Amino acid sequence: MSGSLGRAAATAASALLRWGRGAGGGLRGPGVRAAGSGGSGSSEHLDALVKKDKVVVFLKGTPEQPQCGFSNAVVQILRLHGVRDYAAYNVLDDPQLRQGIKDYSNWPTIPQVYLNGEFVGGCDILLQMHQNGDLVEELKKLGIRSALLDETKDQDSK
């Protein structure tokens, strides 16, 4: 997908998708909320965004339609662990947000992952944490049980 076409498609998407569980534990559809253009790149605004939810991801595109391979990898890692309740901000919708989050974290690339208000890193760091088991432990600290633990338990019982 060309850069301008990708940005145009992303502009049509929402700035923020919230995934959550409805009654009975079933996955409900995303609620859409714009990140807001007023002050979206300010340090105070970004500080509030990263601390608002246990898991926050700034990515190119949306969880349903990532616009780059690295953003897709982050979404897939979170899915593998069964993380469904997280805030995902589409930086392609807001140039101020895109630059602001890079300045805020002092990290030059997108996607960016925050756990409990703390910057974790990008795709490479999350992948490494997934591979070495650290992500399971970090999620546990947030009160999130990784779905991979259940998968391992199921395999052990066979």
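What to note about this one:
- Residue-wise HN-Hα coupling along segment 79-92, computed from phi with Karplus coefficients 6.51, -1.76, 1.60 (Hz; x: Gly, Pro): 5, 4, 8, x, 7, 10, 9, 8, 8, 10, 9, 8, 6, 6
- Per residue, the solvent-accessible area of segment 60-158 (1.4 Å probe, heavy atoms of protein chains only, all protein chains present) comes to 53 Å².
- Two-site label geometry, LYS52 and ASN116: point separation in nm, points 7 Å out along Cα→Cβ: 2.1 nm
- The accessible surface of segment 77-151, taken with every protein chain in place and a 1.4 Å probe, is 47 percent carbon and sulfur.
The values are calculated or read from the model by the stated rules, or taken from the named source; none is laboratory data. This one's a predicted model, so the numbers in the text were calculated from it and none came from an experiment. We place every Cβ from the backbone using ideal geometry, glycine too, and count neighbours over all the protein chains shown. Each accessible area value is taken on the protein alone, full model and side chains, heavy atoms only, with ligands, DNA and RNA left out. Shrake-Rupley method; radii C 1.70, N 1.55, O 1.52, S 1.80 Å.
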